[in-house]
Structure formats: structure tokens, C-alpha cells
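Scroll down for the structure; my scribbles are underneath it.
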Amino acid sequence: MTRRLVVIGNGMVGQRMLDELLPGWAVTVLGAEPCRAYDRVRLSAYVDGATAAELSLAAGNDAEFVLGTRVTGIDRDLRMVHTDDGAAYGYDALVLATGARPFVPPVPGADLPGCFEYRTLADLDALRAYAAGKRTGAVIGGGLLGLEAAQALRSLGLTAQIVEYAPHLMPAQLDPAGGALLRRLVEDLGITVHTEVSVTAIRREWDPSCRDSDVRGPLIMEGPGIEVDVVVFAAGVRPRDELARQAGLAVAARGGIHVDALGRTADPAVYAIGDCAAIDGRAYGLIAPGYALAKAVAAQLNGTTPKPATVDTATKLKLLGVDVASFGVTSGPLDVVYSDPAHAVYAKLVLSDDARTLLGGVLVGDASAYPSLRAALGGPPPGKLAELLTTPADIPGSAQVCSCHAVTKDTVAEAVAAGCSDLAGLKACTKAGTGCGSCVPLLKTFLSSSSKALCEHFTQSRQELFDLVRVRRITTFSALVAAHGTGGGCDVCKPAVASILASLGNGHILDGEQAALQDTNDHFLANLQKDGSYSVVPRIPGGEITPDKLITIGEVARDFGLYTKITGGQRIDLFGARVEQLPLIWRRLVDAGFESGHAYGKALRTVKSCVGSTWCRYGVQDSVGLAVELELRYRGLRSPHKIKSAVSGCARECAEARGKDFGVIATENGWNLYLGGNGGFQPRHADLFLTDLSTADLVRYIDRFLMYYIRTADRLQRTSAWLEALDGGLEHLRAVIVDDELGLCAELDAAMAGHVASYADEWRAVLDDPAKLSRFVSFVNAPREPDPSIAFTVERGQPVPAGGPR
Amino acid sequence: MSWTVICAKEDLLPGRGVAALAGPVQIAIFLTPSLSLYAVGNLDPASGACVLSRGILGTRAGTPVVASPMHKHAYDLATGRCLDDERLAVPVYPIRERDGLVEVGL
Ligand code: SRM
Ligand SMILES: Cc1cc2nc3c(=O)[nH]c(=O)nc-3n(C[C@H](O)[C@H](O)[C@H](O)COP(=O)(O)OP(=O)(O)OC[C@H]3O[C@@H](n4cnc5c(N)ncnc54)[C@H](O)[C@@H]3O)c2cc1C
Ligand code: SF4
Ligand code: FES
């Protein structure tokens, strides 16, 4: 018969135990919270925008989950647990993983509306709802959790004060000098810190004018004597050991179910793990000892050899922009202190009296040395003391680099050697870095520097992301980052993903959520200049322009007071436009038959041309005609980097086509196609790819070349660098886009046909859409006001930014 | 400090910023994708241009930041500190929503 396992509590540690459990048990998980386990350690990220789905730790565990249900009693004789909905579950083995509850000091008024705990998603939902529109807040408790809560209050738009009973902040981790520096740094941020006071009561002045029960006046905190809208309790936690007490299991003097280093209680059928357990009499309230117990208990249930839990209480955090770390003991036989108040750095190492063994340390202001120092704990200091305090040092192979999961440097090195090339892989195969996350910077130093990760939010390369978006038909950044990335994105991944979405045709670049991903140039559809104004470069396909259009450009420049210059790309650039002028300028251009053009954006720029056979006595083909056709075909095509082209009418090459991403040179019989040219930082002449092509064939090969590049290149990799890096180079390219050896050509052709068919003038689309148009103002609260910081002087008869060249 | 109404919350696009004029001072106001509000100075001290409101919002190790559109310096929205150059910082202003209106404390 299958044995029955009941787990009470689906928190971080209970979940970890399930993840380690092998098949062979019929598992029932009873959890009081309404959702599956989530990353409580990162709870504060929820205030800053992480979603519940991002924090979720739910895995495909083979168990029955009964959530939103509290266990009310355990009958150890009958081996049954009872729940608050009247059900009962029998067990052969029982694991208590009930965690801890916030400690709320027994002061009158602690339960008033406006007082909050800081432990669950539900707590934060309630806090967020109440804090909307409020101004001030205070946190009771100046430890780790209190500082996090203070940060959360600020993120919610409140001011924050901290009230701490001990003489300095983070009393459990820091010594007085480190605590004093931390206080200074925290106060510099405008947070008031009250130490050595306790709150004796909380009350609310009864305000007879407030009838509506939703209108709450401020709370008065007696003790520190302050008045705030919101109070958060972050004064430590207490193990939830009440079920064990009722069931007659031993609990430690200061709370916590008595277990040994293998998580065993006195009852051989009952284990306790995580914050509810006290290992040899002590409860820690930290994730690392909890995980160690989870692994030990899972091993026993699996019938394998368990490893006793060891305890590491090291902590590192960056709160309110301040680095703080402590590990091991914070004072001892021999202290080495480094203190630099001018640069707000304090560090202390604690050594054995013979200075041979590192026993602990405290770092405030700069914690870059933390991972390597912590890894060296209990062994000899890994270098010269003066250097250790500020720079990461070499650490021995046997040292633990991730203490949450007890992973040594050797284990990490083996995983890297076995092919874990990025952080995600390393996390998956060693679990290192998946707990508190503080070892991640150190892990990164072990990974080969050639990591393809796009940025801290995506471990994938651009090419991998492109394939994910294409194959899974993902249409938004938030869906992509939720499923395949972490965090909130940044100025690297957001524009890169915006470009991928645009390459795959997802409507206007300012539609819906896409608007928030674009670089300022794409967001305002013009080029940002150094003074905050923009330039507009009307598209002039092939450099061919009628006198009337030339006159229009002149009139627009004159009427809007714009600086005017002929560009190196055969266009005319108009500089110095303010945000609110852009639509007015486009309107004039559109009415005259222009569209604005991309001098910004990773997209096609220009297709330059020489005058060609129409006028030139050497010309053998109509280079202008072809250049116009190509520019109109590929305009608006979003790509990993900008794309440039040119067409010359004969081998004299007046259009400099061999300096372009794709260049075309006329022959007696048709066109020669050159690929992978570049001017810029690293000039490269394009390689001859195919000769004497008909126009139809030429266009077909350029279509495929561009689509293959867009699919496979890195972010910001021009075609020249891409071709250089391509395995097999030009021959491979020929195999793929001419001989169709990968069977891709039909897809590439279809993708380009889709682009050509769906092209729309993106500037005109803004003019036609009042919602998009309304964003083109300098100031949201003064839409007609020009930006006073943009000012001009006159140079050589034209306006230029005041203040001169910087 | 007094609260000044800037605009309606629905004028803001999640994940993006706007600039507001408060007397001679320019303020960049942001609504994060999770709908939290932040207000910092609009002047990018690295370039001297009033452009921070046009930067991309994101997170660095969980900290909400805006990247200046000029040269991509990232500023911590909660503290105003520049994460790429410790000599730089921008002022931070209290901000709140009341009855659907966004207000900044000046
Ligand atoms: C306006 C112009 C200079 C001019 O007054 O002539 C220009 C201006 C800029 N160039 Fe350029 N480039 C201009 C022709 C060129 C050329 C010549 C050409 O296209 O024939 C080159 C070398 C050819 C090439 O790209 O291979 C060129 C190589 C660059 C590079 C280096 C690219 C590289 O691969 O190394 C950059 C930087 C980048 O893109 O990352 C750059 C970037 C820029 C930016 C976008 C810098 C910026 O981000 O503000 C400038 C924006 C201008 C604006 O606000 O309107 N510009 N730039 C030219 C516009 C041509 C056009 O009509 O589109
Ligand atoms: C904001 C914050 C930041 C933190 N940061 C860190 C950090 O940086 N480093 C670190 O090491 N630790 C940190 N911690 C502590 C860490 O989160 C805990 O150590 C960890 O969550 C413990 O896991 P657990 O599974 O034992 O308990 P919990 O995650 O608390 O889960 C226990 C679960 O059991 C449920 N439960 C309780 N009683 C019953 C019942 N009778 N019936 C059914 N279900 C029940 C609870 O509802 C809960 O869902 C932090 C905690 C918070 C709140
Ligand atoms: S490339 Fe040849 S056709 Fe074109 S302008 Fe120069 S000489 Fe004339
Ligand atoms: S030390 Fe916490 S995850 Fe590695």
C-alpha cells in the first residue's frame, strides 16, 4: 500500500521538501494561505512591481493541495490531522512546516485599522490598499525586516520612520559602530530613526467630523511620540508551534518545535522543518537552516542517507541603496576594523586570537567583499587583511559559496565544466543562488565571461528570445518576462524585446504596452539631441527629391526655426524641435507627400544611390529606380541594429555600396549583390555574394538575407559583425538562403512578404490617433508650455543649442 | 510641504514617465508597470538636459530605476541615487494618488 504523507503548511520550506521528495508517497499538503508557496524572501519585490505569479514557487509536484485550509489539531494516536473545514486526513508520516508569525508587541491599539503585519502577500495587499493616498508611515523594528518594510512604505509613496528598541539598527547582525554608520546612511535618505525607545500604546484621536468609516485620521504612537497614517510591525517573528504544543510535542523555551539536526521530533512519525522548528533548542527564522532541514527530512522519507543541517546566519542586503552584510560572529577575540566615514564605509573582520581563522565580520556601505569572505568562514583568511575588507578574494574549493543550499565552490566549478554556461543553468543544476540570492554576484564570477545572457532579467540571448517569441506567439513584454525572465526589465531588454515584437509584426510601436518599451527615440519617433530637443529627418528614398518637396523642407525648417543640414545619408536633417512641435512638423510633411524617416531606431536607414544610367554617361542600370524600390520595400523593418544600403550604377561605385549592410552594383547583365559592409567604428568592405542577378532574384536574396539576420543576430550586432561570427561564413549563408539547405526559405520569404504588406507610416499613425498624439507635450500639467530649458543662440546664420558645443 | 495636483492618474501610461512643471522646477513623474508612483527631478545631472521623464523604467537587482535616455545612467527611483556614477543624484519628491489625481509634495 502507498504510504500517506501529510505536510502542514505550503511555505518556502514545505515546498522545498516536496521538491526533494521522490515518488512513493501519497502526499496531501494542507496550507492556510489561499495560494501555492511563494518566495517570501523576495516579498518586498511585490511592492515594487513583481507579480504574485513571478514570486510563485509552485512546481509540478505530485501531491494533493488543499489550500485556504487551516489545520486545527493533530491526533498522534490515531495519526490524523483535523482541519477548520471539518475534514480529517490520516497519515503515516507528518511534516510540520507551519513557519512563523510576525511578533506584534502586546501594546494597546496594535489592532487598530492602519496597523499592519509584513509576512504574506495578503498583508501587502491590505497595506497597499490602505496606504493609497496616505502620507506618513512608521515601522516598529529596526532589524532586517524593519528596513525592508521602511523601503516598502517609501515605494508606496509614504514617508518612513523607524522605531527600534535596541541602541542601534540591525542589532542582531551589526556591532554598534556598523549600526551607527547604517543609521547615518538611512537618515541621509530622509528616514527618521528612533532608537532605544519602545512603543507603549497606539491610539487614534477621535475626530467627530469624520463620519465615514473609511476616513481614518492619523495614529499616535506613544513612546517615540509621533503621529503617522500607517504603522507596520516588523519586530521579529515567533515560530508557529501551537499545533505541536497541543499534540504534546516538546517545544523550545523561546518557542519552536524541538527537533534534532535531521528534523526529527520525539514522535518517529512526525517531523518539523523551517521557521516553526527549533534545531537543538534554537529557532532561526532564516531560510538556510530551513532548507537544510527540508533536505534532511526528504532524504529520510526517500530512504536515502540524510545530511544533518548546519546553520549559517550570514546576511547580506541592499536596502534603501545601502549595502549591509554580516556573517559568523560580530565580535570576538581579535577584531580588524576599517572605517572611512568620508566615504561611508565600515568593515570589521573577527579572527581567532592567532589570526589564523576567520570567525565573522560586518560590512556596511560596501559589501562587495561579502561573498568571498563568507565562503572563507571557519578557515584561514583568504588573503591580506587590508585588501580583504574591500576586494573580493580567491577562495578555496571546499568553501561554501551558497550557504542557503550548502553548495561549495568545487560543486559550482564541476557544473560549469559540465556545460552550465549561464546563471539559470547553474541555478537549475546546483540550486545555488535560488535562496536569498546574495551569492549570485559570486556565482557570476565563476561563469565563463562569454555568457550570452541579454541582461540581468533574461539569461537568454537575443536569438533565443526571438525564437521564443516567434514559436510561442508571445505578444507582450510582460508575458515574456513572466514566463522566461525575472524582474521588471531594463533599458537593455525592453528595447530589444520591443524590436523583436516589431520585427514579428505586432502593430504600431506605440500600441498598448509596447509604448513603454521603446527608447526615447522610438517613443517620440525622432532623434534625441544633447539639449533634450529632437531632430526630424524626412525620408527621401534614394536621395531623389522634387524641387517642390525641397521647398517644403525649407519652409518647415524656417517656420519652426530648425537648424538644417545635409546628412551623410543623402537626406536633410532638421534639428532643434521640441516634443510638442513634432506632430505639427509631421503634419506639414505628410501633407506635402513626405513621411518622416528613421534616423533613429534599429531599422532600415537609407538606400543611397548614385545618379545612374538616367543621366550618367557610364551608367549601365537605373540605380536610382532600384534604390527607391529597395528603400520603400524595407522601410520600417525592425532589426537587431540599423541597416544601410546603397546602389551604384556601375563599377565606379559612386554610392559607396560596399560600405553598406547590403550593397548593389550594376553590371551589363543585371546586379551584383554585396553583403556585410560597414562604415562606422570598424569599417568593413562588403563581400561579393552573387553576380549578374535579375531584379526579382536580387530582391528575393536580400529579403532572405535580412530575415535570417533578424532571426539570428545578437542585440546591436551589425550585419558585418554577424557575418564575421557566423559559423561557416558566406558559404553557410549561401547554403541557407540560396540552396535552402535548412528548409527555411519559404518562412523567410513569408516573413518579408508580411512586413511589406503590413507597412504603415508610423508618424502618420500618430497624427491619426488622439490618444498617442496627447503624449506629445513637454509638460503633462502645462501642455502648451514650451520647455524653458531648451534655448538657442545663432551660429553661421542658424539656431544651435545655447551654451555651445560641450 | 504642500501637495500640488499634477494630473489625473489615467493620464499616465504604466511603465513610462511624464514631465511636469512646478514653478521653475521640472519634475519627472513615473507610473511603474505595477502602478506605483515615483517623482524625481527631470534634470539628468550627467548631461544637463531635462529628459529623465523620457527614460525607460526597469529594475536593477529588484530596485526600481529609470535609465536616462541620454547616456543610460540609471537612477534609483526611491532614493534618487545614480547607480552608475556615485557622484550623481537627483532630488526625490513625495508623491501620492488621491481621488484619481496625482499629487506631488513640494
Ligand atoms: C545625421 C548623420 C550625420 C550627418 O549629419 O551627416 C548621422 C548622425 C547620427 N549618427 Fe551616423 N549619421 C549619419 C550617417 C552615418 C554614416 C554614413 C552613411 O550612412 O552613409 C555612417 C557610417 C556608415 C555605417 O553606418 O556603416 C554612420 C555611422 C554611425 C554609427 C556607427 C555605426 C557602426 O556600425 O559602427 C553610429 C552609432 C550607432 O549606430 O550605434 C551612428 C549614430 C548616429 C546618431 C544616431 C547618434 C545618436 O544616437 O544621436 C546621430 C543621430 C543624428 C540625428 O539626431 O539626426 N552613426 N552615420 C548622418 C545621417 C544619415 C541619414 O540620412 O540617415
Ligand atoms: C519580508 C521578508 C523578508 C525575508 N528575508 C529573508 C532573507 O533575506 N533571508 C532569510 O534567510 N530569510 C528571510 N526571511 C524569512 C524567510 O521568509 C523564512 O525563513 C521562510 O519563509 C520560512 O519558510 P517556512 O516554510 O518555514 O515558513 P513560511 O514561508 O512562513 O510558510 C508557512 C506556511 O504555513 C502555513 N500555516 C501555518 N500554520 C498553518 C496551519 N495550522 N494549517 C495550515 N497551514 C498553516 C502558513 O500560512 C504559511 O503559508 C524573510 C521573511 C520576510 C517576511
Ligand atoms: S557609379 Fe557609375 S553610374 Fe553611378 S554616378 Fe558613379 S560613374 Fe556614374
Ligand atoms: S547564499 Fe542564499 S541563495 Fe546562495
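The values are calculated or read from the model by the stated rules, or taken from the named source; none is laboratory data. All of these numbers come straight from a predicted model, not from anything done at the bench. So basically every Cβ, Gly included, is an ideal-geometry build from the backbone, and we count neighbours across all protein chains shown. For accessibility, only protein heavy atoms count, side chains too; no ligands or nucleic acids. Shrake-Rupley method; radii C 1.70, N 1.55, O 1.52, S 1.80 Å.
In the range A:771-806, the residues that give up 50 Å² or more of accessible area when the other protein chains are added, compared with the chain on its own (1.4 Å probe), are A:Phe779, A:Val780, A:Asn781. Relative to the current alpha-carbon distance between A:Asp467 and A:Ala735, full extension at 0.36 nm per residue lengthens the span by 94.4 nm. Reducing the range A:662-727 and the range A:352-375 to their Cα centroids gives an inter-centroid distance of 55 Å. Other residues within the sphere of radius under 12 Å centred on the Cβ of A:Ser478, judged by their own Cβ, net out at -1 (K and R +1, D and E -1). Rounded, prolate or oblate: pick one for the protein assembly as shown, where a ≥ b ≥ c are the square roots of the eigenvalues of its C-alpha gyration tensor, a/c under 1.5 means rounded, and failing that, prolate if a/b is larger than b/c, else oblate. It comes out prolate by the Cα gyration axes. Shape of the range A:639-719 from the C-alpha gyration tensor: oblate (a/c of 1.5 or more and a/b not above b/c, with a ≥ b ≥ c the square roots of its eigenvalues). Computed from the C-beta positions of A:Asp768 and A:Lys565 and an R0 of 41 Å, the FRET efficiency is 0.85 to the nearest 0.05. Scanning residues 5 or more positions from A:Leu690 or on other chains, those with amide H under 5 Å from its amide H are A:Leu673, with H placed 1.01 Å from N in the peptide plane.
Prolate is the label for the range A:418-574, because the ratio a/c of its alpha-carbon gyration tensor axes (a ≥ b ≥ c) is 1.5 or higher and a/b is greater than b/c. The HN-Hα couplings worked out from phi for the range A:635-647 by the Karplus form 6.51 cos²θ - 1.76 cosθ + 1.60 (θ = phi - 60°) are 4, x, 6, 7, 9, x, 9, 5, 10, 10, 8, 7, 10 Hz, whole numbers, x standing for Gly and Pro. Remark: the range B:15-25, residue by residue, has Karplus-estimated 3J(HN,Hα) of x, 9, x, 9, 9, 10, 10, 10, x, x, 9 Hz, where x stands for each Gly or Pro and the curve is 6.51 cos²θ - 1.76 cosθ + 1.60 at θ = phi - 60°. For chain A, the solvent-accessible area works out to 42 Å² per residue, with a probe of 1.4 Å and every protein chain left in place. Straight-line cross-link partners of A:Lys565 among the aspartates and glutamates, defined as a Cα under 16 Å from its Cα and at least 8 positions apart when in the same chain: A:Glu555, A:Asp573, A:Glu795. A simple spin-label model places pseudo-atoms 7 Å from Cα toward Cβ; at A:Ala802 and A:Arg587 they are separated by 2.7 nm. Taken along the Cα-to-beta-carbon direction at a fixed 7 Å, the label points for A:Ala63 and A:Asp353 span 4.9 nm.
Quick one: if you take sqrt(5λ) for each eigenvalue of the C-alpha gyration tensor of the range B:49-106, what semi-axes come out, biggest first, whole angstrom?
22, 12, 12
For the range A:628-695, the set of GluC sites (Glu not before Pro) satisfying both a DSSP loop assignment and a count of at most 11 other C-beta atoms within 10 Å is given as A:Glu668.
Scan chain A and report its longest stretch carrying no chymotrypsin sites (Phe, Trp or Tyr not before Pro) that are both in a DSSP loop and have at most 13 other Cβ atoms within 10 Å. For chymotrypsin sites (Phe, Trp or Tyr not before Pro) (loop position, at most 13 other Cβ atoms within 10 Å), the longest site-free span of chain A is A:207-614. For the range A:660-718, applying the loop criterion from DSSP together with a ceiling of 10 other beta carbons within 10 Å to the trypsin sites (Lys or Arg not before Pro) yields no site.
Couplings 3J(HN,Hα) of the range A:287-294, computed from phi: 6, 4, x, x, 5, 4, 5, 4 Hz, in residue order, whole Hz [Karplus 6.51 cos²θ - 1.76 cosθ + 1.60, θ = phi - 60°; x for Gly and Pro]. Taking amide H as placed 1.01 Å from N in the peptide plane, the amide H of A:Val270 sits under 5 Å from that of A:Leu94, A:Thr265, each at least 5 places away or on another chain. Full extension of the chain between A:Asp692 and A:Ala651 gives 13.5 nm of extra length, using 0.36 nm per residue less the Cα-Cα distance. Considering only C-alpha atoms, what is the centroid distance from the range A:235-279 to the range B:39-95, in Å? One Cα centre to the other: 47 Å.
Counting only protein heavy atoms and a probe of 1.4 Å, the accessible surface of chain A is 52% carbon and sulfur. Across the range A:1-138, C-alpha contacts under 8 Å between residues 6 or more apart give a mean separation that, scaled by the residue count, equals a relative contact order of 27 percent.
Going through the cross-link list A:Lys316/A:Lys384; A:Lys494/A:Lys642; A:Lys295/A:Lys427; A:Lys134/A:Lys772, which pairs have a Cα-Cα distance over 20 Å in this structure?
Working: A:Lys316/A:Lys384 22 Å; A:Lys494/A:Lys642 17 Å; A:Lys295/A:Lys427 17 Å; A:Lys134/A:Lys772 32 Å.
Long pairs (Cα-Cα over 20 Å): A:Lys316/A:Lys384; A:Lys134/A:Lys772.
From helices alone, chain A scores -8000 deg cm²/dmol at 222 nm; the rule is -39500 (n - 2.57) for each run of n ≥ 4 DSSP H residues, then divide by the residue total.
Computing FRET efficiency as 1/(1 + (r/R0)^6) for A:Thr2 and A:Glu747, where r is the C-beta to C-beta distance and R0 is 51 Å, gives about 0.55. Over all distinct Cα-Cα pairs of the range A:537-646, the Kirkwood formula returns a hydrodynamic radius of 14.8 Å.
With 5 Å bins beginning at zero, the pair-distance distribution over Cα atoms of the range A:462-518 amounts to 4, 21, 37, 27, 10, 0 %. Between chain A and chain B, the total buried accessible area stands at approximately 3500 Å², from heavy atoms with a 1.4 Å probe.
Here the spin labels are modelled as points 7 Å beyond Cα on the Cα-Cβ line, and at B:His71 and B:Glu86 they lie 1.9 nm apart.
How far is the Cα center of the range A:485-543 from the Cα center of the range A:14-35, in Å? Centre-to-centre (Cα) distance: 45 Å.
Counting only other chain Cβ atoms within 10 Å of each residue's Cβ, the peptide B:61-74 averages 5.
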